[in-house]
1. Of all residues in segment 54-77, count the ones that are of a type in the set (A, V, I, L, M) and modelled with pLDDT under 90.
2. State the number of residues belonging to segment 1-16 that are surrounded by 17 or more Cβ atoms within 10 Å (Cβ to Cβ) and not polar (S, T, N, Q).
3. If the Cβ limit is 7 Å and pairs must be 6+ apart or interchain, which residue in segment 140-161 that is more than 13 Å from Ile6 (Cβ to Cβ) pairs with which residue that is surrounded by fewer than 19 Cβ atoms within 10 Å (Cβ to Cβ) and of a type in the set (Lys, Arg)?
4. For residues in segment 37-53 being loosely packed, with under 15 Cβ neighbours inside 10 Å and assigned to a helix (DSSP H, G or I), which is nearest to the chain's Cα centre (by Cα)?
5. Tally up the residues in segment 54-90 that are assigned to a loop (DSSP other than H, G, I, E, B), charged (D, E, K, R) and out of contact with any Ser or Thr (no Cβ under 8 Å at 6 or more places or on another chain), please.
6. Need the failing condition index for Ile80 against (1) touching a helix residue (DSSP H, G or I) at 6+ places or on another chain (Cβ under 8 Å); (2) more than 19 Å from Ser162 (Cα to Cα); (3) modelled with pLDDT of 85 or more, just the number.
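The values are calculated or read from the model by the stated rules, or taken from the named source; none is laboratory data. On a predicted model such as this, the values are computed, not experimentally measured, just so you know. As a convention, Cβ positions derive from the backbone with ideal geometry for all residues, glycine included, and neighbour counts pool all protein chains shown.
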Amino acid sequence: MTQSRIQGANRPFAVYVGLFVITWAVYVLLFYRHVQAFGEDSLSCAATNIAVRLTVWVLPVFLMLRVVDRSEPLRALGLIDNWKRGAIVGFGLSAFLLAIALLRFGWPHDIGRYVTWNSILSTSFGIGLFEEIPFRGFILQKLQTRMNFWLANGLTSLVFVSLQDGSCCICSRRHWPSTSSSSALSGGWCFGIQARYGAASSATAPTISFRLCCFMGGDQRIQ
């Protein structure tokens with residue numbers, strides 16, 4: 001019998017987090033440069049990025065929920081029961097962020113040169129889904145079964161920054177933590193609050209908001 005809630009953090013969860021971090025580090029160090037060889041603006045690069053993210057970031061979460069927790073993945077992640085509220089919160093915050101960005105920076109110039117297969121398929125549409133499901137959808141909820149929300153959100157944000165911003169620094173040969181680390185940390189923290197209080201533990205809201213943030217920022221990280 002499947003359940004609708006995520007079960008408590010346990011040894012399989014600790015193994016999952018460890019393998020997640022190690023697998024992504026190996027990919028970044030050994031394989032990502034070969035993906036870049038396709039050309040970062042090419043459809044081949046975008047398709048490969050999407051396939052890797054689905055395999056390393058999303059599929060293990062669904063397997064953990066289905067096999068270990070014996071839960072229905074979409075329902076446990078809050079993508080069924082709370083998706084309407086999550087969508088409203090996500091689009092509302094996105095509209096607010098877009099208005100702030102336009103007031104501060106104005107309408108972007110020469111936007112056409114930033115529109116590529118990778119920027120549309122991977123950055124603008126895919127990256128929110130790929131990142132919010134494992135972090136705010138799964139890891140945050142798991143940690144909350146062992147500690148209070150604020151500590152769980154802080155730890156989730158640290159893991160998020162380590163993988164996302166750290167991998168970017170490795171590929172660009174910059175020191176970590178970088179100047180963007182604080183922004184990534186605060187962004188992850190805010191998305192966690194949004195998932196917890198704004199959308200009743202649904203990953204829908206931060207997924208939508210993250211997509212817009214990546215689109216507005218041009219996202220120079222690993223796609």
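1. 3
2. Going through segment 1-16 one residue at a time, the tally reaches 4.
3. none
4. So, considering only residues that are loosely packed, with under 15 Cβ neighbours inside 10 Å and assigned to a helix (DSSP H, G or I), the one nearest to the chain's Cα centre (by Cα) is Ala51.
5. Counting residues in segment 54-90 that are assigned to a loop (DSSP other than H, G, I, E, B), charged (D, E, K, R) and out of contact with any Ser or Thr (no Cβ under 8 Å at 6 or more places or on another chain) gives 1.
6. For Ile80, the exception is condition (3).
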